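Step one of this worksheet: look at the structure below.
Bear in mind these aren't lab numbers, they're just calculated from the coordinates by the rules spelled out. These numbers were taken from a predicted model, which means no experiment stands behind them. Note that we place each Cβ from the backbone using ideal geometry, even for glycine, and neighbour counts take in every protein chain shown.
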Amino acid sequence: MAAEQSFDVYRLPEEHEAIREAVREVCTAKVAPNAAEADETGEFPKASHDALRAADFHAPHIPVEYGGAGADALATAIVIEEVARACASSSLIPAVNKLGTMPLLLAGSEELKRKYLTPVAAGDAMFSYCLSEPEAGSDAASMTTRAVRDGDHWVLNGVKRWITNAGVSEYYTVFAVTDPSARSRGISAFVVEKSDAGVSFGAPEKKLGVKGSPTREVYLDNVRIPADRMIGAEGTGFGTAMQTLDHTRVTIAAQAVGIAQGALDYAKGYVQERKQFGKAVAEFQGVQFMLADMGMKLEAARQLTYAAAGKSERGDADLTYFGAAAKCFASDAAMEITTDAVQLLGGYGYTRDYPVERMMRDAKITQIYEGTNQVQRIVMARQLLKG
């Protein structure tokens, strides 16, 4: 019995497999058909959002007490993976809802959680995360957005850049400097609403991939918000931001795994049907070796991602290392696998008539956002050298 239980570690629980099947069914029927158009037009895939919302896959991580599905970190990763397999842009709906709300889950008051998590769980609103600025990307502690106390309100001024789903989301977790003399310890977190006076958005960025997920600047011009919209205590915002990323880097790893799975699935089908020199391309050993490497890297990435998801759910002490490792490894693997998928399709792979070139473009961002892979390696090295 003990031996049997130890092997169960390497097998998903039945309920998680059931979630995968349910998400895949929805995505095959109602998300995948919109993927090429969202990429072509650069417009938010509302039909995909509506399908995910109807099936309760738009923000599965939100606890039951706020009307959510109460999915654990592994189940949420599986949802994001399966959506990304069909459409990377659409996978940023559950992924960014988690990113935007995670600071509330980690540090928000009960009143804030109830007020803002409930509509997100219902699918009536989305949540974005505003950390980066034009001059503060990897060095987020150098942000200049300011929040100044004015009686029982805070007044925010500044610009946030690279904000996923900006303009579509109703709510924004905004990080701002409340004590300029304290550097990272002088940063606080706030909930800003799209409807707040002084909030506006820049033009959508013209991007290489994930074109169906809008990325815009968020402008804060004397945005006056109630003091009770601060998330956690004053000065704790930067710590909350970094803790959030420990958890949500797992979701980017899951997204990368999903994109790579979609590319491998398509390439496998193609090489079995395509004939050259009188036989299927899949019969050539060189092609088989490419497929073998793609499958091997993908499974290694998936296992590391699922291990990191488990650590996220438990809040393990080594989550920082595993979150960075999963995100870095999975995104590098996704870039390699999608590039190889394009190669396996030959000239056809380079055209927009086939989905693998889109997947290759979509995979690239997973190496960049929520901390570049160079930053992930710094994070990992620091964790290794601690001990």
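Side notes on the structure shown:
- Overall form of the range 88-132: oblate. Here a/c, set by the Cα gyration tensor axes a ≥ b ≥ c, is 1.5 or more, and a/b is not larger than b/c.
- Neighbour cut-off at most 11 other Cβ (10 Å), DSSP loop, trypsin sites (Lys or Arg not before Pro), the range 1-74: R11
- Cα gyration tensor shape for the range 95-221, rounded if a/c is under 1.5, else prolate or oblate: oblate
- Simple rule: put +1 on each Lys or Arg Cβ and -1 on each Asp or Glu Cβ in the range 238-386, find the dipole, and look at G295, V281, M242; the Cα lying farthest toward the positive end is M242.
- Neighbourhood charge, 13 Å Cβ-Cβ cut-off, centred on G209 and excluding it, Lys, Arg +1 and Asp, Glu -1: +2
- Per-pair calculated FRET efficiency, R0 = 56 Å: A182 and A22 via Cβ, rounded to 0.05: 0.75
- Based on C-alpha pairs under 8 angstrom that are at least 6 apart in sequence, the chain has a relative contact order of 16 percent.
- Reach of K113 by Cα under 24 Å, taken over lysines that are not fewer than 8 positions away in the same chain: K98, K160, K194, K311
- Long-range Cα-Cα pairs in the range 283-339 (distance over 17 Å), rounded percent: 43
- Using R0 = 56 Å, the C-beta based FRET efficiency linking V9 and D150 works out to 0.55.
- In degrees, nearest ten, helix 319-344 long axis to first principal axis of the chain (Cα): 40
- Nearest-20 debye value, the chain charge dipole, Cβ charges on Lys, Arg, Asp, Glu: 780
- Per residue convex hull volume, Cα atoms of the range 2-122, in Å³: 113
- Rg over Rh for the range 173-324 works out to 1.16, both radii taken from alpha-carbon positions and Rh defined as the Kirkwood radius.
- Calculated diffusion of the range 238-386, Stokes-Einstein form, Kirkwood radius summed over Cα pairs, 25 °C and 0.890 mPa s, µm²/s: 153
- Rounded to 10°, Cα long-axis angle of helix 285-314 versus longest principal axis of the chain: 30
- Amide proton proximity set for Y129, modelled H, under 5 Å, gap of 5+: T164, T173
- Calculated FRET efficiency for the pair S109/N157, C-beta based, R₀ 22 Å, to 0.05: 0.35
- Charge context of N222, other residues only, Cβ under 13 angstrom, K/R +1, D/E -1: -1
- When the Cα gyration tensor is reduced to axis lengths a ≥ b ≥ c, the ratio a/c is 1.5 or higher for the range 51-144, and with a/b not above b/c it is classed as oblate.
- Cβ-defined net charge surrounding L131, 10 Å radius [Lys, Arg +1; Asp, Glu -1]: 0
- Fully extended contour minus Cα-Cα distance, from K279 to D265, at 0.36 nm per residue: 3.0 nm
- Estimated 222 nm signal from helices in the chain, with DSSP H stretches of n ≥ 4 weighted -39500 (n - 2.57), rounded to 500: -18000 deg cm²/dmol
- Dmax and Rg, reported as Rg then Dmax, of the range 309-387 (C-alpha, Å): 15.9, 51
- Computed log₁₀ I(q)/I(0) - Debye formula, equal Cα scatterers, no solvent, the range 197-285, q 0.18, 0.21, 0.22, 0.24 Å⁻¹: -1.08, -1.15, -1.15, -1.16
- Projected onto planes of every orientation and averaged, the convex hull of the alpha-carbon atoms in the chain covers 20.7 nm².
- Remark: the range 238-386 carries a charge dipole of roughly 160 debye about the Cα centre, counting +1 on each Lys and Arg Cβ and -1 on each Asp and Glu Cβ.
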